[in-house]
Amino acid sequence: MRYQAESRRRVVTLTLPLVDTNMTAGRGTREMSAERAAAVASDGLARGSVTIDSGAVRVLRALNQVAPAVAARVTRNS
C-alpha cells in the first residue's frame, strides 16, 4: 500500500515506543511522554524524513533486519 500511495502522496512511517497516555497506563516503565512523541514526529517531518523511529524502536528495527524471529518475540513479550 505504501508504494501505491507514494505515487500520489508523501508517506511517512512513524514508529515510537510506548507513549504515556491514559490508554497505556500501567503497561511499562519506559514510556515516552506524549510531548516527546510529538517533538520526535515534528522534528522528523521538518527534516523531510520518510521513516521516523525513536528510542528502542531503532534497535528493534535493526534487530528485525538480522533476526526477525527474535524481534517478533521481543515485540510479543513487551
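The values are calculated or read from the model by the stated rules, or taken from the named source; none is laboratory data. In this text, all values refer to a predicted model and were calculated from it rather than measured experimentally. Cβ sites come from the backbone with ideal geometry, for glycine too, and all protein chains shown count toward neighbours.
When the residues of the range 38-59 are filtered to those that are assigned to a loop (DSSP other than H, G, I, E, B), out of contact with any Leu (no Cβ under 7 Å at 6 or more places or on another chain) and in contact (Cβ under 8 Å) with a residue 24 or more places away in the chain, the one that is nearest to GLU6 (Cα to Cα) is VAL50. Among residues of the range 11-20 being at pLDDT 85 or above and part of a loop (DSSP other than H, G, I, E, B), the one that is farthest from VAL59 (Cα to Cα) is VAL11. Evaluate the following for ARG47: is it under 20 Å from VAL74 (Cα atoms) and exposed (fewer than 12 other Cβ atoms within 10 Å of the Cβ)? No, not satisfied.
Any residue in the range 27-37 that is in a loop (DSSP other than H, G, I, E, B), in contact (Cβ under 8 Å) with a residue 24 or more places away in the chain and surrounded by 14 or more Cβ atoms within 10 Å (Cβ to Cβ)? Scanning the range 27-37 turns up no residue that is in a loop (DSSP other than H, G, I, E, B), in contact (Cβ under 8 Å) with a residue 24 or more places away in the chain and surrounded by 14 or more Cβ atoms within 10 Å (Cβ to Cβ).
Looking at this structure, is VAL74 surrounded by 12 or more Cβ atoms within 10 Å (Cβ to Cβ), under 11 Å from the mean Cα position of the chain (by Cα) and assigned to a helix (DSSP H, G or I)? Criteria not met by VAL74.
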